[in-house]
Number of protein chains: 2
Amino acid sequence: MFNFAPRNAKMNQSAEEKIRNAALRVFIQKGSSNCTSREIAREAGMNVALVNYYFRSKSKLFAIIFESVMQDFLKSMVQVFSSELPIREKIRILIEREFEFLGQHPDIPNFVLNELARNPQAIEGFIPVLNMVNESGVFDEAKKLQALGEMRQMDIVQITILIMSNCQYPFMAQPLMKVIHGVSNETYKEHLIAHKTHAVNMVIGYLFPNDN
Amino acid sequence: MFNFAPRNAKMNQSAEEKIRNAALRVFIQKGSSNCTSREIAREAGMNVALVNYYFRSKSKLFAIIFESVMQDFLKSMVQVFSSELPIREKIRILIEREFEFLGQHPDIPNFVLNELARNPQAIEGFIPVLNMVNESGVFDEAKKLQALGEMRQMDIVQITILIMSNCQYPFMAQPLMKVIHGVSNETYKEHLIAHKTHAVNMVIGYLFPNDN
DNA sequence: ACTTGTTTTAAACAACTGTTTAATATTTGT
DNA sequence: ACAAATATTAAACAGTTGTTTAAAACAAGT
């Protein structure tokens with residue numbers, strides 16, 4: 001688990017930790033190429049040379065940060081999918097955990113998708129993690145329920161898109177939506193909380209049309 | 001309307017047009033800060049100095065490109081909202097047009113949201129365009145239908161999020177989804193086409209629960 | 001042909017980039 | 001207390017950045 005603590009959260013961090021946490025903040029806010037080594041060092045309150053002293057190069061530092069962010073990004077998804085709950089509950093809890101996670105780290109989807117759009121092969125190192133979802137058997141479970149007519153007949157790819165769309169986009173579009181409707185930060189946060197219920201009900205209602 | 005034509009589409013473009021179109025392609029693919037003036041010039045097959053000769057500076061060129069992309073990005077949305085159709089049809093056509101637009105320009109949502117995340121005040125110039133949606137009366141129309149119990153009781157902000165999530169995210173997450181499910185470009189495109197129907201049915205079904 | 005204004009070029013500019021170096025400070029083991 | 005290892009610093013490095021300059025090529029009007 002990565003340390004998302006703000007700059008002054010702990011005073012007893014090592015220099016390496018300070019740089020790591022500063023890099024995490026700067027990379028997520030600005031992207032991998034739209035920031036400088038000196039900016040990261042300044043954010044950490046350290047000398048530029050220390051960044052390379054501990055991490056060899058900017059790109060190696062970014063690889064480490066990106067790896068840890070991706071782990072966090074994928075973890076709750078995989079965990080819930082691998083649980084023993086019935087599939088309706090899996091989806092419900094998945095969406096709720098995603099909203100909880102994104103509430104704390106709203107910039108991560110934008111960061112991840114943007115880095116991936118510019119460098120698609122960056123994701124290949126995470127195929128093992130992603131395969132855990134396949135191996136968990138959720139997809140097989142879904143196919144069984146579809147065969148029984150209990151779950152709507154649609155491709156697993158589209159089910160994933162459906163769920164993720166309604167979780168991640170509301171956080172990614174925050175700057176756009178705030179201006180379109182002229183609402184404050186606080187108001188938008190309340191909308192996000194209310195939106196979680198809509199996402200759960202709409203997605204589950206659509207995937208299991210015989211429920212009510 | 002902007003010219004999204006590829007490099008060799010027209011041979012009789014002026015130097016200014018060549019640079020404009022090259023800048024459009026490069027900016028969308030790499031973002032405003034992750035590309036160089038020389039890269040844009042090379043893509044246009046011209047000298048670096050010409051970029052500044054016609055557009056004064058890289059940032060002024062980007063402002064022009066961003067403006068035109070935003071116009072395209074917002075246009076179909078506004079047009080449909082301003083039409084005279086009943087609201088169910090408005091939403092259906094809105095989603096279908098969004099999918100059509102995004103099928104041709106799948107990188108634009110990522111580009112726009114990313115630029116907006118790093119520079120939120122960049123959107124302020126488009127408030128007039130956005131206000132056209134308000135002035136069209138769609139929101140008032142929705143509130144009336146909600147008062148009649150015909151439309152689900154939920155905030156306009158959340159309705160917007162609901163619709164946009166299911167249109168834009170499927171395109172934005174393409175690199176992620178392709179790896180998660182190990183599908184090719186072509187297969188994913190087919191999923192996107194099939195997904196349009198799901199988006200329409202799910203959203204309208206959720207917003208108008210008495211329809212069945 | 002010659003002047004005028006416009007377009008295009010190569011070269012230069014200073015500022016900034018990631019990275020390295022070599023010297024200094026600090027910690028650690030004995 | 002001292003020596004070895006580690007941590008930190010300021011300065012320098014070569015390459016790239018956006019931008020400007022000054023000269024050249026081109027077009028059009030007379």
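The values are calculated or read from the model by the stated rules, or taken from the named source; none is laboratory data. Since the model is a prediction, treat every value here as computed from it, not as a measurement. Methodologically, a virtual Cβ is constructed for each residue, glycine included, from the backbone with ideal geometry; neighbour enumeration extends over all protein chains shown.
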Completion exercise
Going through region B:175-212 in order, the residues found to be outside any helix (DSSP H, G or I) and over 29 Å from B:Leu145 (Cβ atoms) are B:Gly182, B:Val183, B:Ser184
Problem - Of residues in region B:39-71 being touching a residue at least 40 places away in the same chain (Cβ under 8 Å), away from DNA strand C (no atom under 16 Å from the Cβ) and more than 14 Å from every other protein chain (Cβ to nearest Cβ), the one farthest from B:Leu113 (Cα to Cα) - result: B:Ile64
Exercise for the section: Could you grab me the full set of residues in region B:84-128 that are away from chain A (no Cβ under 11 Å) and without any contact (Cβ under 8 Å) to a residue 40 or more places away in the chain? Expected result: B:Glu84, B:Leu85, B:Pro86, B:Glu89, B:Ile93, B:Arg97, B:Glu100, B:Phe101, B:Pro128
Exercise for the section: Among the numbered conditions (1) more than 14 Å from A:Phe73 (Cα to Cα); (2) more than 9 Å from chain B (Cβ to nearest Cβ); (3) touching a residue at least 24 places away in the same chain (Cβ under 8 Å); (4) surrounded by 14 or more Cβ atoms within 10 Å (Cβ to Cβ), tell me where A:Pro170 comes up short. Expected result: (2)
Problem - Subset of region B:79-99 (residues that are surrounded by fewer than 16 Cβ atoms within 10 Å (Cβ to Cβ) and within 19 Å of B:Asn166 (Cβ to Cβ)) - result: B:Arg88, B:Glu89
Handout entry: Single match in B:Phe99, B:Phe111, B:Phe171 (criterion: touching a Lys or Arg at 6+ places or on another chain (Cβ under 7 Å), within 30 Å of A:Gly31 (Cα to Cα) and either among the β-branched types (Val, Ile, Thr) or at pLDDT 95 or above (or both))
Key = B:Phe99
Practice task
Pull up region B:181-198, narrow it to residues that are touching a Phe, Trp or Tyr at 6+ places or on another chain (Cβ under 9 Å) and at the interface with chain A (Cβ under 7 Å from one of its Cβ atoms), then point me to the one that is modelled with the lowest pLDDT.
Solution key: B:His181
Practice task
Would you check if A:Glu115 is acidic (Asp, Glu), in the same structural domain as A:Ala194 (by TED's automatic domain parsing) and in a helix (DSSP H, G or I)?
Solution key: yes
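Of the residues that make up region A:180-198, is at least one among the β-branched types (Val, Ile, Thr) and surrounded by 18 or more Cβ atoms within 10 Å (Cβ to Cβ)?
yes
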Problem - Any chance A:Lys178 is more than 7 Å from chain B (Cβ to nearest Cβ), under 19 Å from A:Phe81 (Cα atoms) and either without any contact (Cβ under 8 Å) to a residue 12 or more places away in the chain or of a type outside the set (Val, Ile, Thr) (or both) - result: no
